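Below is one structure, written out as structure tokens; comments come after it.
Where a number appears in this text, it was derived from the coordinates with a stated rule and is not lab data. This structure is a prediction, so every number in the text was calculated from the model and none was measured. No Cβ is skipped: glycine too gets one built from the backbone with ideal geometry, and neighbour counts run over all protein chains shown.
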Amino acid sequence: MVNMETTDIRIRTVRFAAVSMAVLLAAGPCLAEGQAAITRPSKDVILAFVLPGQIAEVAVTEGQLVKKGQLLMRQDDEPEQKQLAVSKFQSEDTTRIDAAIKQGGLRQVIFQRTEQAYRDQAANKLELDQAEVEWEIAKLSLKLARFQQKLDQLRYQADSLQLQRMRMHSPIDGRVENVQVEVGESVDKLTPVVRVVQTDPLWVDVAVPAAVAARLQPGQPATARVNPARYDPELTDKDFPLCYKLGTGKIKHISTVADAASNTRRIRVELPNSENIPAGLHVLVDFPQQEEAATDSQPSETAKKTQP
């Protein structure tokens, strides 16, 4: 007696194989052309604090668009805020300089009068030398007071930079890919806490045969299409149509060093991505010169006939 369940499974298996074969045959012309590659963000930064501390604020969420310079998160910085206020007050205080100026003026007057008294034989040489030394010390005190104020100003700048390091801002325009900490959590220095990516434009790094790369130049156009061989063959055209064109970009960079093992050179293609196509897709990249090179490499019918 035939098991009906087993028969049903076999029928479904045959149907799946037939559908898969039909899809692969339809995708055949696409798979034969283009250079396989994977799209990637044009900018991808993983951020970490340079100082250990406790997270006091997370100002963004995953998937949020951010602008360059926008606050992402902040560590607890209340003690640093107080220290910065003290440093600012000290850097702006001129009391020591004002006192040194007054003291120097007084010592100058005393020296001048002592010098006149010495000329009039009303003061001895020791008194004159003492007055002169005290005036020189007063001038050095003024110099020291000004030097100290410069130190206070530098200390204020250092404390300000220290405070800035406890506040994380986005270095690029992009989208928050993931946030790995929460408010109240303590983090060590250099521990990744947030990732920001920029997918407009997209970058595609393609390993191209050296002979093909030699015919290409930065700025030339390049077209990227979804690689159907890397996705489920049951996907419909609406989901991922075969040879689905992502867009036409341009060659941004061609490596000057070829890979000796594969005899290829790396070409970076920049694709505009206003439709927010995700990075990480398997694609096929077509270069105009690549098609010409393939045509040139095929001998003509006349040449074939004349060949011995």
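What the table below lists for this structure:
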{"quantity": "Rel. contact order, % - alpha carbon contacts under 8 angstrom, at least six apart, the stretch 79-164", "calculated": "53"}
{"quantity": "Label-point separation, Gln153 to Arg215 (7 Å along Cα→Cβ), nm", "calculated": "6.4"}
{"quantity": "Theoretical gain in end-to-end length, Arg113 to Glu127 [0.36 nm per residue, Cα-Cα removed]", "calculated": "4.0 nm"}
{"quantity": "Difference of contour (0.36 nm per residue) and Cα-Cα distance, His169 to Val45", "calculated": "43.5 nm"}
{"quantity": "Added length on full extension, which subtracts the Cα-Cα distance from 0.36 nm per residue, Asp120 to Ala85", "calculated": "7.1 nm"}
